[in-house]
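**Student:** Sending over a structure as structure tokens; questions will come in a sec.
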Amino acid sequence: MIVGQDLQTWLADRPRQRRTQAAIDDFGREWSRGPVHRRFEDTLAAIPAQTAEAVADAVRTLFADDQWVDVLIDGLAAALIADPYFEPPFRALNSDLHNGLLVFENDKVLIAAGVSSAAQLAARKNVRRAATSVGFTGQVTMLKFVKAGGAVLSFWEAPRITGDFTAAAAGRCARTGERRMSDGDILVVDGRFQTYVVEQLRSSMVVLQASIALDQAPLSVEYDSVSQAFVGCSAAADSASRIQMITTLLRKLGCEGTFEPVAAFLDHQDFFVRWHVMKELLGIDAAAALPHLKRMAARDPHADVRKAARSVLDRLDAPKSRQAA
């Protein structure tokens with residue numbers, strides 16, 4: 001009740017809200033201009049080659065000394081004690097197992113600090129007694145186990161995810177081993193063909209995670225943990241996902257003049273984006289989309305896209321064939 005009253009008071013007190021926001025802005029500004037953030041920027045700017053492996057080597061040097069994590073946590077704790085309505089000025093990365101904050105981001109890598117809860121893992125394991133998903137992110141990831149929490153990880157591999165990925169050639173995943181992690185361990189996982197699953201936790205696990213954007217696969221892929229068979233895939237890059245969402249929205253809104261802007265994405269480098277755009281064009285204006293569909297069926301570099309386009313053409317031609325008969 002007291003907390004509720006204090007919240008109501010805070011919501012009614014505009015100057016106090018402005019002070020809270022000022023504290024959030026100040027913390028974010030000090031972090032982005034501080035020595036840790038500058039060291040991240042300088043180290044990544046100096047890498048000799050623009051490859052995932054070069055970024056991983058640079059991140060390893062940054063993760064070697066993790067005292068900055070304690071400094072960051074202490075600073076956030078002090079700010080929260082001073083103002084219970086303070087919110088960390090970082091993007092939250094949360095799941096049913098992991099809660100993290102994105103503390104650094106550039107065009108090469110995302111670095112997050114987070115905690116995985118033993119209680120949450122136990123609850124998930126108790127609920128999911130059947131098959132679970134084994135996901136391959138398509139990115140190279142580096143993990144630093146600041147506090148390992150007695151974690152036991154299983155490791156998995158699958159056929160490498162490439163630009164010409166097809167469901168038919170996805171094969172199966174395979175469990176390759178298991179390892180109990182210790183405080184200070186650093187692990188590199190090439191999500192283009194490797195992944196891991198947290199099997200056990202004795203206590204909460206504090207982890208630094210670097211997700212490397214360079215050289216990533218176009219897709220993230222999932223397999224079934226029991227049958228080890230391919231389940232599905234989705235766009236790995238945010239840009240591809242945005243194109244898919246925006247083109248779908250434009251089709252649903254029925255806005256005039258959207259056909260040509262959407263059609264411009266038919267030359268996108270990712271095959272699944274090209275096919276998604278083709279489907280939306282058929283929904284916007286089927287007659288105008290038909291020449292593009294025929295061209296896709298004949299010339300698209302990806303076999304699955306050509307096959308899907310030909311299948312649509314066959315369905316469109318079927319009524320004409322019956323009428324002719």
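**Student:** Relative to the longest principal Cα axis of the chain, at what angle does helix 52-64 sit, 0 to 90 degrees, rounded to 10?
**Tutor:** That helix lies at roughly 10 degrees to the long axis.
**Student:** The stretch 245-309: which trypsin sites (Lys or Arg not before Pro) are DSSP loop and have at most 13 other beta-carbon atoms within 10 angstrom?
**Tutor:** Of the trypsin sites (Lys or Arg not before Pro), not one in the loops of the stretch 245-309 has a Cβ with at most 13 other Cβ atoms within 10 Å.
**Student:** Charges on Cβ only, +1 for Lys and Arg, -1 for Asp and Glu, centred on the Cα centroid of the chain; of 186, 36, 171, which one is farthest towards the dipole's positive end?
**Tutor:** Highest projection toward the positive end goes to 171.
**Student:** From the phi angles alone, apply the Karplus equation (6.51, -1.76, 1.60; θ = phi - 60°) to the stretch 207-221 and give each ³J(HN,Hα) in whole Hz, x where the residue is Gly or Pro.
**Tutor:** With the stated coefficients, the stretch 207-221 comes to 10, 9, 10, 10, 9, 8, 7, 5, 6, 6, 6, x, 10, 9, 10 Hz.
**Student:** Once the dipole of the chain is set up with Lys and Arg at +1 and Asp and Glu at -1 on Cβ about the Cα centre, which of 292, 92, 201 lies farthest towards its positive end?
**Tutor:** Final value for the positive-end residue is 292.
**Student:** So, one more: Hey, rough spin-label estimate for residue 313 and residue 99, points 7 angstrom out along Cα→Cβ, what's it come to in nanometres?
**Tutor:** In this crude label model, residue 313 to residue 99 measures out at 5.5 nm.
**Student:** Can you give me the % of accessible surface on the stretch 75-215 that is carbon or sulfur? Probe 1.4 Å, all protein chains present, nothing else counted.
**Tutor:** 52 percent
**Student:** For the chain, state the semi-axes of the equivalent ellipsoid (square roots of 5 times the eigenvalues of the alpha-carbon gyration tensor), sorted largest first and rounded to whole angstrom.
**Tutor:** With the √(5λ) rule applied to the chain, the semi-axes are 42, 27, 21 Å.
**Student:** Starting from the Cα gyration tensor of the stretch 236-321, take the square roots of the eigenvalues, sort them a ≥ b ≥ c, and report rounded, prolate or oblate (rounded when a/c is under 1.5, otherwise prolate if a/b is larger than b/c, else oblate).
**Tutor:** Since a/c reaches 1.5 but b/c is at least a/b, the shape of the stretch 236-321 is classed as oblate.
**Student:** Using only Cα atoms, locate the centre of the stretch 1-33 and the centre of the stretch 190-261, then give the distance between them in Å, rounded to an integer.
**Tutor:** Each part's Cα centre sits 35 Å from the other's.
**Student:** Quick check for you: with a 1.4 Å probe and neighbouring chains kept, what is the accessible area per residue of the chain, in Å²?
**Tutor:** 55 Å²
**Student:** Using a Gaussian network model of the chain with C-alpha springs under 10 Å, which one of 158, 303, 168 is most mobile by mean-square fluctuation?
**Tutor:** For the chain, modelled as a Gaussian network with Cα springs under 10 Å, the answer is 168.
**Student:** Compute the angle between helix 35-45 and the longest alpha-carbon principal axis of the chain, please, reported from 0 to 90 degrees and rounded to the nearest 10.
**Tutor:** 30 degrees
**Student:** Against the longest alpha carbon principal axis of the chain, how many degrees, from 0 to 90 and to the nearest 10, is the axis of helix 67-82 turned?
**Tutor:** On a 0 to 90 degree scale, this one is about 80.
**Student:** So what J values fall out for the stretch 148-156 if you push phi through Karplus, 6.51 cos²θ - 1.76 cosθ + 1.60 with θ = phi - 60°, rounded to Hz, Gly and Pro as x?
**Tutor:** Residue by residue, the stretch 148-156 yields 6, x, x, 5, 10, 10, 9, 10, 9 Hz.
**Student:** I've got another one for you. Compute a Gaussian network model of the chain, connecting alpha carbons closer than 10 Å, and tell me which residue from 171, 163, 34 fluctuates the most.
**Tutor:** 34
**Student:** Assuming 0.692 mPa s and 37 °C, estimate D for the stretch 172-325 with Stokes-Einstein, Rh taken as the Kirkwood radius over Cα pairs, in µm²/s.
**Tutor:** In µm²/s, the coefficient is 172.
**Student:** Can you tell me how much longer the chain between residue 185 and residue 26 gets when fully stretched, taken as 0.36 nm per residue apart minus their C-alpha distance, in nm with one decimal?
**Tutor:** Stretched out fully, the residue 185 to residue 26 stretch lengthens by 53.9 nm.
**Student:** Which three extents, in angstrom, do the Cα atoms of the stretch 222-269 have along their principal axes, listed largest first?
**Tutor:** For the stretch 222-269, the Cα spread along each principal axis is 48, 23, 15 Å.
**Student:** How far apart, in nm, are two points set 7 Å out from the Cα along the Cα-to-Cβ line at residue 166 and at residue 77?
**Tutor:** 5.6 nm
**Student:** If you filter the stretch 177-229 for trypsin sites (Lys or Arg not before Pro), then keep DSSP loop positions with at most 12 other Cβ within 10 Å, what is left?
**Tutor:** Passing both the DSSP loop test and the Cβ count: 202.
**Student:** So if I place +1 on the C-beta of Lys and Arg and -1 on the C-beta of Asp and Glu, and nothing else carries charge, what would the dipole magnitude of the stretch 232-325 be about its Cα centre? I want it in debye, nearest 20.
**Tutor:** 400 debye
The values are calculated or read from the model by the stated rules, or taken from the named source; none is laboratory data. The structure presented is a predicted model; accordingly, all values stated were derived computationally and were not measured. Please note: Cβ atoms are built from the backbone with ideal geometry, for glycine as well, and neighbour counts cover all protein chains shown. Accessible surface areas use protein heavy atoms only, side chains included; no ligands, DNA or RNA. Shrake-Rupley method; radii C 1.70, N 1.55, O 1.52, S 1.80 Å.
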